[in-house]
Structure formats: structure tokens, C-alpha cells
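The values are calculated or read from the model by the stated rules, or taken from the named source; none is laboratory data. Only a predicted model underlies this, so the values are computations on that prediction, with no experimental measurement involved. Here the Cβ positions follow ideal geometry from the backbone for every residue, glycine too, while neighbour counts run over all protein chains shown. What goes into the accessible areas is simple: the full protein's heavy atoms, side chains included, and nothing from ligands, DNA or RNA. Shrake-Rupley method; radii C 1.70, N 1.55, O 1.52, S 1.80 Å.
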Amino acid sequence: MAQIGLSGIRKAYGREVVVHDLDLTIRPGEFLTILGPSGCGKTTTLRAIAGLEEPDDGDIHLGEKLVFSRRRGVIVPPEKRGVGLIFQSYALWPHMTVQRNVSLALEEKGLGRAEIEARATQALETVQMTALGARYPSELSGGQQQRVAVARMIALRPQILLMDEPLSNLDAKLRLDMRAELLQLHRDLGSTTVYVTHDQAEALTLSDRIVVMDRGRVMQEASPYEVYHHPRSLQVAEFIGEPRINLVPGTLAREAGTLYLVGDGVRLPAERARAAKGERLVAAVRPENIELSTVPVAGWQEVRLDNVQPTGATTILQVCAGATRLRLVRPGFLRIEAGIPLWIGFDADSIEFFDPDTQGNVSAP
Amino acid sequence: MTSPGAARRLRYHTVRLRNRPDLVIGYVCLVALGFLVLGPLVEIVRDALTLQPYDLAYHPDGVVGSFSLFHLERVFASPLSPALFFRPLLNSLAVGFWVTAIGVSIGSLLAWLLVRTDIRCKGLLGALIVIPYMMPSWVMALAWISLFKNDRIGGTQGFVASFLGVQPPDWVSYGFFPIVVTLALHYFAYAYLLMSGALATVDSELEEAGAVCGMGRWKRLWRITLPLLMPALGSAIVLTFIRILGTFGTPALLGLPVRFFTFATQIYASINARNNGDAFVLALVLIVIAISFIWINSRIIGIRKSFVTLTGKGFRRREIRLGLWRLPLTAAVGLFVASTVLVPLSILLWESLILVAGDYSLDNLTTHFWIGQGNVRLAYGEAGVLLNNGILTALWNSLKLATLAALFNGVLGLLVGYAVVRGRGTRLSRGLEGIAFAPYIFPSIALGAIYIGMFSAPIGPIPALYGTFAILVLITVVKNLPFTSRTGIAAMLQIDTSMEESARVLGIGWFRRMARIIMPLSMSGLVSGMLLTFITAMRELSLIVLLLSPANMVLTGVIFYYQEQSMPQHSSAVTLLLVLIIILVNVLVRLVSRGAGVSGLKNS
Amino acid sequence: MTRSARYWRATAGALALAWLAALPVAATAQEVSPETEAWLKAAELGAHAPATEGWDAIVAKAQEEGEVVVYSSSGRMAMLVDAFARTYPGIVLTVFDLGSVKTVEKTIREQQAGIFNADVVSTGNSGAVIHEMLNQGLIFNYVPEAYKSRIPEENREPLLIRINEAIVIYYNKEAYPDAPPATNIWELTEPEFNGRVGIIDPMSSGSSFMGLATIVQHADEMAAAYKRHTGHDIELGEGVPDAGYEFVARLLQNDVVIFKSGSSLVEASGQPGQEKPLLAFAYMTYISKNESDGFVNAYLADLDPVAKWVYPTFTAIANRAPHPNAAKVFTAYLLGSLELNESSVLEKPFTEGRSMELLQGLAPYYDPGSVSPRNDVPLPPGGEAWGEMKGWTVSADFMQSEGPRLRDFWLLHASQ
């Protein structure tokens, strides 16, 4: 187990700044995911930890060791950092067999030939690729290639494990299976793992902590629960959650003593908003936090049902309240006809409010 | 079988063909190329095994055309064999080996520096590096002689002798050493072209994966990068080696004074003596050597099933930082490139300006041979190069020939690529690919001699092409087909079948598909193939020298004439003109293609 | 072997056999074909040559034909195009300058294929010209009647010679100001001249080869010269048939320097300011470079047994020439005007003015060491030595029958 510390990391390509002044501490044994859209700087950060990118400024510590410092002139090359990296493309060497792909990775560890082969064989067994040990990567399917990449890590047993979108080249079903295997790998190795992805579901399921990045900056650094329920900015709120969060812009108003956010055709309770009456805010409500009734309920609002999309265990409904469209997710395989009137209710504690100008969360904790 | 059944099957196959334009093209090309390529081979074999008019001196009672093993005995098993065959063979193999080793090493190193590192001035260096290849290969030899001539040859002093006062020893001035050096300085550019293309496709991530596992720089090079480059390296080695075996000009210039004979010089001497029997047996040996090398190469590569580039995201090409070495290496490469380009060109320029040979003083310079009207007392009254009608006509002919050949070849290469790739795996495809590559193994001299015979008479509807411009274009196209078919195949491999399929489903006919979709998508590959054909055609002599006529004189023919008539100023001037034009066209094409959005010229 | 592979092997084998079986049977072309016979009659050549020529009628017919196509081994022929047009307006001269080997090759191959493109064929290479072309009826001898009395028989039978040239040996006057360095040819094979004799590569230069062949041809005279030089009989090396071949072998053993280009060779021998310049076996016409290039070459004019080795360039009318009368006119043009005689005053430049009118086709070749077959043409200025130098002439029969063996001999001994 080792701690990873980045401070003041900055990287620009020409005039385009890809990472702005990044500070990050990854605790020993933690599974940290860096999450964000393409071009947000997450891969650059990961490669900087590995030593494959040289930041323009900042320090990087791996455990006790300073492996990079522009100011102090320290640059430890990747071959001396002792991290493990699973590439997005797996980077299997096409001119070697599967077995050799794994055993070659071990050759720098100073082990005897016999032990190298033993570890390689054992690693391949763990990923159930023993039968294909003599094949070449071009003869394997995507999932099989990925497993070979995992086997390399199993054999290497690195203290720090880095993964660069390792599941993005797989089909949906395989992705789900492999997710679990990667988590298992982390546990078995007991390593500190940094995982990079743009898939928020992966981030939520795998991580101890998530770092959300956008355009080279850290938007939020918190546990999956926190990131999901208390997003710190609009970008984070929009990025996390499937189906997407509902955003309702409106103005704060007091009615009968209670604070409401009045949108275009809809009205949400706004007790948690830390702002004054008359200010404009954006409310964010998760689809699963909107209640639904087929009969009128006091205090609930009438909406029109636009469409119903059953997905099996849940149903996604799209309703229309005035000019505002909202998405709902309700449990069960619901069969409701579109066009009929429905009533929706909000849970005041689950609504987060954001300042439309600063994009920041202005809700009470 | 019942005949209605057979007729129905035939009709089915003909209809099926209509829907498979690639099959139609494939068959047509196969037949045409079979005639144009295998025909000469068969004739070479036949003439090697029959009695020729020249042999009547040895067999006064023999009948010309009758079967005879005489040539084989003469070349392989007579007292003459060591001189005619074995020693020249060893010399050729030795030269081939060393030039390939040195040239491919230099070329690969330069390719690596310019493609994978952050060396400076890449654009400029990259453009200059290929210039040695655009010059006729014997220009470097002429420069060497001017520099290192010693008093064995006598006459005017070489540069080194006159400025340093020391006569270079024979082994420096002539024979094996200078032949190897001058050929290496020409062929390295060829290896550079081949290797830089390959290096551009090596995925950095594979090396990074090695780094992360702890492999140091050299281990990564040795275990990962080099093995990935093996196919390209193998090709570069084999192709260079075969070319050198057939090179005539340089060994003739540098080997003769010390009696260093190579295979090519022996073939040439035999053809000059009209001893076709000997010449063709030797040519066959060259062809067999070429074929075996190619075969060995494909076996070594073929065994490794795994050089398929794994597609998918993550292809990265990261430059290696040279750090402190950056400036020194840039300077070193710059110096090297400058000397291989500037030195020969300067010598040519100098030679074209000298009034009296051997006088290196400045007041001996004159522009007469460039823009003079022609003085009867000098050089038989030949007008200066830029005012000379004969030369300007030859220039026009050269450009015409090179351009037509390049265009035809480009289209033909694309068609061959289309047929080969679309029909991949079939016998037709493999056969076509092989035949399209076959002309490479023929020594140019032999091919030219055979084509005289083949086209002296009409063939079916085709009139006798001998003496026409058309035959020059034809033989140039055939000889350069190996390159364009390779680029054509590579270009077609890049185009997914879905591109064409979507067009077919939309109802777009074959010609429109080719013109609107296939050609534009393969444009960069096409252009580089055509450019290579253009360059090779402009500086080609041995291929067409037997087929030239005054009406169809080209620049290289003019240079040859001036050299034979010992008019060094004119020959140097025209050579310089030729090189400058080739460079100019090269630059123009690159500019236009970049402007038109075609991504930089990739190499096959 | 799989079925398909067997199938392919069988097809390939069958094809190969078919090709080899379809070998042409050599026709003995001594028999004249009916088309050639008809052509000879119409052109009044060969057996149909009339007793007296009607020159004006020939010129008139030539004007009608309008063009003449010449295959020439010499590039200088092209210089005659404009001048010929001035003398005979209406007849266009087209010259194919091919070098001696390709001139023969092209003529033979074309006629074999039934293409009759050429009118006049002019080339050296005696063996091939006489035996493969003349004797096979690919070319026919033609001497304009008016010239017959002015050309000695040996220069027009069996084939008309257009020009005679020679190989000689040059030495550097500056290095040997008092006396020539050698008086007997065998001295060149001795240690004093080791590596100091140059020759144009006989394997690539037909004329250089003919020079060598002429030496070998006169083996007895060479043996006699040897005896005169050393006082005893020559001892032949192993496998060497006679004294002529022995000379060649010893020359090679003595490290003769082989040059690709004649002009580099005479530069090597003639460039002033050298310490030990070469002796050069080179074309006699290169003496003119003394003036143009400042060389100081001189002939070894008085050499035992001979000082020059003469080789001719022939000119003939091609079989079934499309413009036979124009060919005749051009042949006459090549021989120079009839006004030319021993007392004609000829001034440089020979390709202009009055000299051109007199010399006509001879003008580009009017160099020292390049001699007209006529006996009434003055020797070119600077080339008077021709008459004084003893020489041998190459024999076409020898070239044809011995040439290949001499080639082999050279190859064998040059490669050691």
C-alpha cells in the first residue's frame, strides 16, 4: 500500500492548458476514480502519475518517494516508478504469445526464470486464460485481451495500480462482468488504485472516492454517496446519475410562509435554498426522488404524462408540467397510458439548489 | 452433364461477374500482366536454353534456335566460369550485403530520429533526405571520382589530390570501398522511405507498457520496437539488396580501373557483345536470387501471425525527448544530409561551368554551356543547355513520359489494389499480387531487350509498338508496378468495405463509386505511388535505352549521349537540370496535396 | 500435394513445354524472299544493279520519296540534317543514333519481325555487319557509280566503307620530350610500364575491341616483332594459343588500366604537368583534343610492328528500304561531293561554308585519324601521319569466328 500525492500539477499542450493546478491525495489502499468527459484531463493526470507525461509544474509523490518535481529537477522515469498500468487499448505486444506477454512483464523484477514462468502461469489461471496461453493477441476477442492485461497486473503485483478506461472497448454485458473482476483485482492485490473513466456508473460502483474533473479542474472530490446526493456544482450534478438529473430554473418566492422555487409551470419546495427571496436559482431533482400518483394528492402538482419507458425492474416516465419537462424513475414494470393526468410530489430534502451564475451548490447541508 | 445445365451455369457465372467488378478487373489484369511480365520470363528462359547467333563461333555447325545446354555449361561449368560468373557473383553479393547493411542502418536511424524523436527542423530535413534518391545513382560515383581520383587514372588531379597534395590509395579511389560507400549514400534514402512509414505506425503505448513494467530504454527497443518493425525491416533489406544486385552505373565507373567486376557489369558486357545466351543465364540467376530472398522474407514474416495492428482507441505516437542531444543530433543529421545532397550537386554545377578540364581556378568558369549559342570550336558546336532545342525537346519528352507513366501506373496500382483487397484470400488475389510484384526482380536491361522482341510485331489488335512513345510508357509502367501495386493495396486496406457497401446500397454504380469514394479516400497513397513512379521514370536509363529513338529522346538519353561524346560540361549541366526538375516537381506535388487536404504522403 | 496444387503444376508444366516446343526453325536467309526480289528489281540494287546509273533520275525519284531514314552508330550523323536539307530540299533526313551494338540489334530484330523502317544502315562492328547482316541479306551493298573509280576496291568490297578510323597509342610529349618511350609494342608488357598503360574497355567499346582483335589477328607478325625485340622466340603461357593472345595476356598481367571513357583516357595520357603519365590505346581522332583541351598527346608513330589498327564504319542500304533512291542519294552525300579532290582547299570549321559544300557528309568526320575511303580526299590537317603510320586492318571473318573467343580470353585474364 502506498499513498499517492499530487500537488500543483499543471500541464499544457501548446497554449491549451489541460490540467490546471491539480492537488490530489490518494490514500493507501484506496480505490479512487477520476471521472469526467473526454478532454477533461483525467488521462493526462493518470499518465503523469505513471511517468508517461511530464507536467509543466508541480510535485508527485509515490509513497515516501518524490518521483517528480519540476522545481527541484526530479524526474524519475516510468520504468523506475514501480506502478502498474492497464492501458485503454491493453497494449498487448502483438508479436508475442499471451504467456510471453505476461512473463516478459516480470523480467525486470529480478526473479528467476522458473519463478517468472510460475507466476505468469498462475496469473493466467486466475483470469481463466490458461488454455489460450500460446495464442497471439490478434487471435483473441476484446474481453480476452483485457483479461490478459489484467493477468499482467496480477503477475506484477504492483503497489500502485493505474487503469485507463480499461472497459471502454468492451460490449455492455462484458463490461458489467469485468467491472467486478477489476474490483476483485484491487482487493486481492491490496494496492492503491487510480481508475480513470467517463462512465459514471463504473465510478459509482467501484470507487471509494470519486474525483470529478472538467476542463482540467477538479469539480468535486468525495465519496460516491456525496457526489451523487450532494453534487458541488451543476456540472457534477448533470454528469452523475442515470437517467440524468432534472434541472429546473426558477425564482425564489414566499407563499404562505414557505419558500418555493417557482419555475415555468412547476413549483418546488425550496426550504434548503440558502438564498434570498427573488433570487434566481436552478433546482436539481433526481428522477427517483419525484413521487407519482394517479389520483390527486393535496399539495402535489398535476402533470401530463408524455411517455412511458419500462426498462424491466424500473420504469422511466417523462411528464410535462406547464413548460417544464421532468423525468421520473419509479420501481416496477408500470403500464400507464400516456396522456392521462398524473400528480407528482417532491421531497424537500432531496432537492439541491445551484446558483446559475457560479454553478455552485447553494443548498443547506 | 446435360448441356442446358452447363449453359445455365455459364450464364450464372457471367451474371455473377457483372456484380463483381473486382473479379473482372482481377482477371483482366492477371491476363494482361501475365503476358507483359511472364512473357519476358519465358523468353529469357527460352533464349538461355537455345543456340543463339553469337554461339555459332563456338558451334559452327549449330542450328540457331535448337535446344542446347551450352550456355549453362559455359556459365557454370567451364574454365571461364570463375571470371564470368563466380567472382562477379561474390563481388555482387559482397557489395549487396554491405550496402544493404550500411544503407538500411543509416536509413532506419534517420527514420527513427525524424519520426520518433523531437529532433528539430523535421520538415526541412525530411524533404532534403530523399533527394539523394532522386538523383541517378551514378552521380554520387562521379562526385567520388572528382574528389578522390588518383594518378592511377592520371589526367587532371582530383580535389583531394590537388588540395591536400596527397594521392589517395587505390583502394580508396576505386573498387569495393568506394562502390559500397557511394551506393550506400544513395540507397539509404530508399530505406529511409520504407522505414519511416513503418515507424509512423508503431503504437507508442506498446513501448509505454514496457516502460511501466520496468524495461529500460534499450530493452524496450530490443524486445518491443524492433520486433514490431521486423516486417518493414525485412522488406527494406530484401528490396534494397535486390536493387543493388542489378545496379550497373556505379560499379562500372568505380570498378573498372581496378578490374572489380559485378554481376550487372557482366550482364551488360554480354548484351553489348550481343551474347544473349550468357546475358540471359546471368539474368536468370539474378531473378532466382531475387525470388528466393523474397520467399525467405515472407516465410520469416509469415510465421508470425501477429503483426496485425490492433485497432481501437489509444493509438499514441509520442515523441522521445532527446534533451541535451537534440541540437548536436540535429546538426549531425543536417551535416550528413547536406553533404549527400550538396556535394554531388555542387560538383555537377562546377563541372558544367568549367571551360578547360582540370583547371580549378575561378577564371576558368563560364556560362557558355548553359546559355551560350554554340561555338563550333567547342563541343562540336552544341548550344548551351537552356537554349538547346534538342535538350528542351528531350526535357519535354521526359516530363511527358514520367507523367503519363505515373498517371497510368497510379490508376493501375489502384485497380490492382482494389482487386487484390476485395478478393482477399482467393487464388486470383494472391496470383495478381504476385504478378504485380514480379517486374521488380527483372534487371532493367534484360527487360528492355526482351520488349524489343515482344513488340516488334503486331499482337492481335495492338500494332507494333516498337519505336513508338507508347512502348516507353508501357515498359515504365510495368517496371514500376511493384511500387504502385503495393501502395494501392495498402491504400485499399485502409478503406473499410462498408464505405463502398453503403454506396452500393444507395444505388451508386461502380465507376461513380471509384471516382467519388474510393479514389479520394486513397488519394494520399495514390499520390505517393505516382510520385515515386515519376521520380524513377525521370532518372531511368537502362530500362529504355534500347527502345529510344531520336523522336523520343529523353533527358537521360541525352546525358548518355553527352557522356559518350565526352562533353562533360553538357552532361553535368543536363544532369543538374534533371535533378532540379525532379526536386521541383516533388515539392510542387507535396504542396498541392497538402493544400488539397490530403494528409502527408504516407509510404507503403 | 493438394489437388489444386497438382493442377497448377500440370498447367505450368504444359505451358512451359508448349513454349519450348514452339522454337523457331532457323531459316537460311541466303535464299532471297520474293518480296525482297521484287524490291531489288524496283530499286535497281544487288543483282539488278544497272550497268550505267542514271543519276538525275535517281535524284528525281528521291525527291518524290521525300525522306530518308538512317540507322547510325555515330551521333555526329545528326549534324547533317540541316545541311542535307539545304543541298537536297524536299528530302527529309532522319537519323537514329544508336551506337554500334544497338544499330545491328535493331536492324536484325526489326527485319525478323517484318518491319522495314530503315533506308540506310551505317555502323562498324565488322563481324556482325558482314556475316549477320550482309551475308544474310539484311543489307545490300551500294556504291554510286561515279565514285567507283575514286574508291579502292578494298574499301568498297564486299561492303562500302564510309570512314576508316584507327586505334593508336598515345604518349605524353611533355614527359618524353626527346624520344618516344617505346619503339616496340612488346615494351608495353614490361615492368617499366606496369600500371602505366591504359586501354578503353574492349568489353564495352566495339572499336577498342576491334583494335585488340586486329593485334591478335596478326599473331605471326607479333611473334616476329617479339623476336626482334628480345632476340629469342616467344614462350606462350599455359592455354594461350599464339603470340597475339600472349600479348593480350601479358598486357593484362602488366596491370593495364581499363577506362570506360576514351576521353578520360586521353586526358590521362595527355594532361600536362604529370610525373608519370599513362600510355593510351585510344582513338586516333582524339589528337584534336590537344587543341581543344590543351593536351600534349603524340602518337607512337613509329612502332614495331605497326602503329595503328584500322577499323571501318560501313554504310549500306537496308533490305526493302522504303526510300531506296533517297538512300542512294544519301550514300553519295556521305562520300562527299564529286568536286572534292586532292587539291581542294579545306578550312576550319569544316561544317560551314565552302568546306561544307565540298565535304558534305564527310564534314563532321573530317578529323585527324578519321579517313575517307576515297583516294582523292586530302588527309585532314593534323592527320597527315595516317599515311606514314604502318597499320593493320581488322578482318570481318576473324571478328566473326574468333571474336567470342577473344572476348572470353580477355574476360578470363582480366579477372585475375
- Query: What average number of partner chain Cβ atoms lie no more than 10 Å from the Cβ of the residues making up B:148-154?
  - Reply: 6
- Note on the structure: Here P(r) for segment A:37-138, Cα-Cα distances in 5 Å bins, as whole percents, is 2, 11, 17, 18, 15, 14, 12, 8, 3, 0, 0
- Note on the structure: Looking only at lysines whose Cα falls under 17 Å of C:LYS348's and that sit 8 or more positions away or on another chain, we get C:LYS289
- If you average the sequence gap of Cα pairs under 8 Å that are 6 or more apart and divide by the length of segment A:118-162, what percent do you get for the contact order? 50 percent
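Return the inverse of the average 1/r over all pairs of distinct C-alpha atoms in segment A:85-181, which is the Kirkwood hydrodynamic radius, in Å to one decimal.
Kirkwood hydrodynamic radius for segment A:85-181: 13.4 Å.
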- Query: Among the helices of chain B (complete DSSP H runs), which have Cα atoms covering no less than 18 Å along the helix axis and a Kyte-Doolittle mean of at least -0.5?
  - Reply: B:87-116, B:176-199, B:226-245, B:276-303, B:326-353, B:389-422, B:469-494, B:523-538, B:568-595
- Task: Along Cα→Cβ, 7 Å out, is where each label goes; now give me the distance between the ones at B:ARG20 and C:GLU384 in nm to one decimal.
- Result: 8.6 nm
- Item | Per-residue mean of C-beta atoms belonging to partner chains within 10 Å, peptide B:267-276 | 5
- Query: Taking only DSSP H segments of four or more residues, each worth -39500 (n - 2.57), what value at 222 nm results for chain B once the sum is divided by all its residues, to the nearest 500 deg cm²/dmol?
  - Reply: -21000 deg cm²/dmol
- Average partner chain C-beta neighbours within 10 Å, per residue of C:260-270? 5
- By DSSP, what percent of the beta bridges with both residues in the protein assembly as shown are antiparallel, rounded to the nearest 5? 70 percent
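Quick one: which of C:LYS173/C:LYS390; B:LYS149/C:LYS308; B:LYS149/C:LYS276; C:LYS227/C:LYS276; C:LYS173/C:LYS308 span more than 23 angstrom between C-alpha atoms?
Among C:LYS173/C:LYS390; B:LYS149/C:LYS308; B:LYS149/C:LYS276; C:LYS227/C:LYS276; C:LYS173/C:LYS308, the Cα-Cα distance tops 23 Å for B:LYS149/C:LYS308; C:LYS227/C:LYS276.
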- Query: Mean separation of Cα pairs under 8 Å and 6+ residues apart, divided by the residue count of segment A:1-81: what relative contact order is that in percent?
  - Reply: 32 percent
- Task: Could you state how much accessible area is buried at the C-B interface, both sides summed, with a 1.4 Å probe, in Å² to the nearest 100?
- Result: 5300 Å²
- Note on the structure: Taking only C-alpha positions in chain B, Rg and Dmax in angstrom work out to 26.0, 92
- Divide the volume of the convex hull of the Cα atoms of segment C:51-198 by its number of residues and quote the answer in cubic angstrom per residue. 199 Å³
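May I ask which of A:LYS65/A:LYS109; B:LYS400/B:LYS479; C:LYS41/C:LYS61; A:LYS42/B:LYS122 have a Cα-Cα span longer than 22 Å here?
Details: A:LYS65/A:LYS109 19 Å; B:LYS400/B:LYS479 17 Å; C:LYS41/C:LYS61 15 Å; A:LYS42/B:LYS122 31 Å.
Beyond 22 Å: A:LYS42/B:LYS122.
Cβ neighbours within 10 Å, averaged per peptide: list A:132-138, C:349-355 in order, most packed at the top. Please list the in-between numbers first.
Details: A:132-138: 17.3, C:349-355: 15.6.
Answer by packing, highest mean first, reads A:132-138, C:349-355.
Write down the percent of antiparallel bridges among all DSSP beta bridges whose residues are both part of chain C, to the nearest 5.
Numbers: 22 of 41 bridges.
So the antiparallel bridges amount to about 55 percent of the total.
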- Estimated Rh, segment B:135-266: Kirkwood, alpha-carbon pairs, angstrom: 17.4 Å
- Message: Please compute the contact order of chain B in relative form: average sequence separation of alpha-carbon pairs under 8 Å and at least six residues apart, divided by the residue count, as a percent.
- Response: 18 percent
- So how long is each side of segment C:363-416 along the principal axes, counting just the alpha-carbon atoms, biggest first, in Å? 44, 25, 24
- Expected vector for segment C:272-287, Karplus 3J(HN,Hα) from phi with 6.51, -1.76, 1.60 and θ = phi - 60°, integer Hz, x for Gly and Pro, equals x, x, 9, 7, 10, x, 6, 8, 10, 7, 8, 5, 5, 5, 6, 4
- Report the percentage of all Cα-Cα pairs in segment C:301-386 whose separation exceeds 15 Å, rounded to a whole percent. 64 percent
- Item | Cα principal axis extents for segment C:241-337, largest first, Å | 56, 42, 27
- Message: Show me, bin by bin at 10 Å from 0, the whole-percent P(r) of chain C based on Cα pairs.
- Response: 4, 20, 27, 22, 15, 8, 3, 1, 0
- Do any trypsin sites (Lys or Arg not before Pro) in segment B:385-443 lie in a loop, going by DSSP, with at most 16 other beta-carbon atoms within 10 Å of their beta carbon, and if so which? B:ARG424
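Tell me, Kirkwood radius of the protein assembly as shown from alpha-carbon pair distances, in Å? It would help to have the intermediate numbers written out before the result.
On the way: mean 1/r = 0.0264 Å⁻¹.
One decimal place: 37.9 Å for the Kirkwood radius.
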- Message: Which of the three applies to segment B:81-126, rounded, prolate or oblate, going by the alpha-carbon gyration tensor with a ≥ b ≥ c and a/c under 1.5 meaning rounded?
- Response: prolate
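Can you tell me the alpha carbon radius of gyration of segment B:65-206 divided by the globular rule-of-thumb value 2.2 N^0.38 Å? Mind dumping the intermediate values first?
Numbers: Rg = 20.8 Å, N = 142, 2.2 N^0.38 = 14.5 Å.
Cα Rg divided by the expected 2.2 N^0.38 Å: 1.44.
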- Query: Rounded to the nearest 10 Å², what accessible area does B:VAL95 show when all protein chains are kept and the probe is 1.4 Å?
  - Reply: 10 Å²
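Hey, what number do you get for chain A at 222 nm if only DSSP H runs of n ≥ 4 count, each worth -39500 (n - 2.57), divided across all residues, to the nearest 500? Let's see the in-between values first.
Values: 8 runs with 84 residues, N = 365.
After summing the helix terms and dividing by the residues of chain A, the value is -7000 deg cm²/dmol.
What value, in deg cm²/dmol to 500, does the helix sum -39500 (n - 2.57) over DSSP H runs of n ≥ 4 give at 222 nm once divided by the residues of chain C?
Details: 15 runs with 156 residues, N = 416.
Value at 222 nm, helices only: -11000 deg cm²/dmol.
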- Item | Computed accessible area, B:TYR174, all protein chains, 1.4 angstrom probe, square angstrom | 10 Å²
- Counting only protein heavy atoms and leaving out ligands, DNA and RNA, the solvent-accessible surface of A:HIS230 at a 1.4 Å probe, in Å² to the nearest 10, equals 60 Å²
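How many times 2.2 N^0.38 Å is the alpha carbon radius of gyration of segment C:156-289?
Details: Rg = 15.5 Å, N = 134, 2.2 N^0.38 = 14.1 Å.
Compared with the compact-globule rule of thumb, segment C:156-289 sits at 1.10.
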